[in-house]
Amino acid sequence: MPSLSKLQTTLAIAIRAAAARETFEPSAELWDVLDRPSRLAVHVNHFRASLTDALRGAYPAVAKLVGDGFFSYATAQFVARHPPQLPFVAEYGEAFPAFLEALPQHERLAYLGDLARLEWAMHRASIAPRPDAPDIADLPPNGWAEWRLQFEPHVGLIASDWPVVSLWRFARSEPGDSFDLARRDAERALVFRDESDVRCRILSPAAFAFFAAFGTARSLGAANAAAIGFDADFDALSELRWATTMRLFAPIHPVAERT
């Protein structure tokens, strides 16, 4: 009789292979433990159902807008092709937006990938840590332009050619409401978690350029210059105060000197 650890590993491989419809021949020891093939099917069905529920929980707006039939089809295909790589079900589904964009139906649902990216950013914000905020008063008054900020894990930025935030809000609205994609502009969003819930703020082009600069480790001066390129009256200090109040940034560090 093999060890419990080996049986668990073999069973996990068998379940993942069966869920992905791959050929896998379990060992004789595994069949002895399962007693009969139907028991493996029970584990496989539970595995698929758990992952499908995780996707439905992470992408409720996508599920509502496309309908249960299409969403069930898409999630079944995704689960078969993208088994989880991490042991935590809550972290499953990051590749789902790109998968949706690769489906043949994406041509008539072109907004779907970006809407899914927005929902994943919101899902990630809901489970990521939210530490204490740094204080912008710690920045030296004469050297702020050379300092940089980095987002905490609960913060995400989304830029889309589609009104994805408005679409997400529409999906949460009461039945009977209407939504006209043709009459809506492209939207950029900042996703974060405050003390009570996950929030989504629509950004101006200048504000998006400002915050996006931190994602590439650029300095405050470079971020301010990027924003002013869209709006000469952009108020970087006000945005910094708001962002630190919302605990968007990790501890403040100066830009490393180049050698």
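What to note about this one:
- D161 being within 22 Å of the chain's Cα centre (by Cα), within 17 Å of F208 (Cβ to Cβ), at pLDDT 80 or above and in a loop (DSSP other than H, G, I, E, B): yes
- Test: residue in segment 173-181 that is within 18 Å of A61 (Cα to Cα), hydroxyl-bearing (S, T, Y) and touching a Phe, Trp or Tyr at 6+ places or on another chain (Cβ under 8 Å): no
- Output for segment 57-110, where each listed residue is farther than 26 Å from A128 by Cα and part of a loop (DSSP other than H, G, I, E, B): G67, L103, L109, A110
- Matching residues, segment 63-82, being touching a residue at least 60 places away in the same chain (Cβ under 8 Å) and buried (at least 17 other Cβ atoms within 10 Å of the Cβ): L65, V79
- Taking segment 147-158 as the range and being of a type in the set (F, W, Y) and under 17 Å from the mean Cα position of the chain (by Cα) as the test, only F151 passes.
- Of R193, R188, all but one fail to be surrounded by 13 or more Cβ atoms within 10 Å (Cβ to Cβ) and touching a residue at least 60 places away in the same chain (Cβ under 8 Å); the exception is R193.
- The one condition from (1) surrounded by 13 or more Cβ atoms within 10 Å (Cβ to Cβ); (2) under 26 Å from L190 (Cβ atoms); (3) at pLDDT 90 or above that A90 does not meet is (3).
- Elements of type helices (runs of 4 or more DSSP H) in segment 164-259, at least 1 residues being at pLDDT 85 or above and under 19 Å from the mean Cα position of the chain (by Cα): 164-171, 205-215
- Exclusive hit being modelled with pLDDT under 85 and either part of a helix (DSSP H, G or I) or surrounded by fewer than 13 Cβ atoms within 10 Å (Cβ to Cβ) (or both), set D53, D32, D114: D32
The values are calculated or read from the model by the stated rules, or taken from the named source; none is laboratory data. This one's a predicted model, so the numbers in the text were calculated from it and none came from an experiment. Don't worry about glycine lacking a Cβ; one is built from the backbone with ideal geometry, like all the others, and counts go over all protein chains shown.
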